[in-house]
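All remarks here apply to the structure that follows.
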Amino acid sequence: MSVTPRWLDAEERRAWLAYVDFSTLLADHLNRQLRRDAGVTHADYSLLVHLSSASDGALGMSDLAQRLKITRSRLTHAVNRLREAGLVDRREDPADGRGQLAVLTGEGRALLERAAPGHVEAVRQAVFDALTPEQVRQFAEIGEAISDALHRAENGGTAPATLPWRRR
């Protein structure tokens, strides 16, 4: 049985291509800014930010993988690389003898404190300075709606093992 594709109309195609274009340009812009100013990738910066948001600067590896939407294997490589740089440490999870915690070090926190002002300015210039307050509200609502739809699809139509943070 063949299903006819639900092709995008002209306005949907315009929106999709604009998203692909700006998301690629924005990812590159933020990655270059963080590499230049802090010596880390945007992905590594995001990992450090998630750890800094935890009350004790530590998160379980599975929880961190889920927050970052990456595989545990990819997270292990990133944590090991950041550990070698002195920005993150690993220790056993006292609440779960089999689990490991990723822990933000003092050096990692200091890097975030140095990098955050420039990063926020890069985000502001690239995104928020280009939008009106109404567009910022709409942008947030659009992002939340798409995220919610993807979470519903993952929870309803996808086997748990296919979610990135559950893969090895």
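Every number here is computed from the coordinates shown, using simple stated rules; none is lab data. What you are looking at is a predicted structure, and each value in this text was computed from that prediction instead of being measured. Neighbour counts run over all protein chains shown; Cβ positions are idealised from the backbone, glycine included.
Give me the pairs, please: first residue somewhere in the stretch 15-29 and more than 25 Å from residue 40 (Cα to Cα), second residue anywhere and among the hydrophobic types (A, V, I, L, M, F, W, C) and surrounded by 11 or more Cβ atoms within 10 Å (Cβ to Cβ), beta-carbon distance under 8 Å, and either six or more positions apart or on two chains.
16/8
Anything in the stretch 86-108 that is farther than 17 Å from residue 62 by Cβ and either surrounded by fewer than 15 Cβ atoms within 10 Å (Cβ to Cβ) or polar (S, T, N, Q) (or both)? List them, or say none.
86, 105, 106, 107
Does any residue of the stretch 76-96 turn out to be without any contact (Cβ under 8 Å) to a residue 40 or more places away in the chain, more than 30 Å from residue 139 (Cα to Cα), among the aliphatic types (A, V, I, L, M) and in contact with a Lys or Arg (Cβ under 7 Å, 6 or more places away or on another chain)?
Yes, the stretch 76-96 contains a residue that is without any contact (Cβ under 8 Å) to a residue 40 or more places away in the chain, more than 30 Å from residue 139 (Cα to Cα), among the aliphatic types (A, V, I, L, M) and in contact with a Lys or Arg (Cβ under 7 Å, 6 or more places away or on another chain).
Take the residues in the stretch 111-139 that are in a helix (DSSP H, G or I) and of a type in the set (Val, Ile, Thr), then tell me which one is surrounded by the fewest Cβ atoms within 10 Å (Cβ to Cβ). So that I can check it myself, show each step before the final result.
Just the residues of the stretch 111-139 that are in a helix (DSSP H, G or I), to begin with: 111-126, 128-130, 133-139.
From the residues that got through so far, the ones that are of a type in the set (Val, Ile, Thr) too are 120, 123, 136.
Values: 120: 11, 123: 15, 136: 13.
The selected residue is 120.
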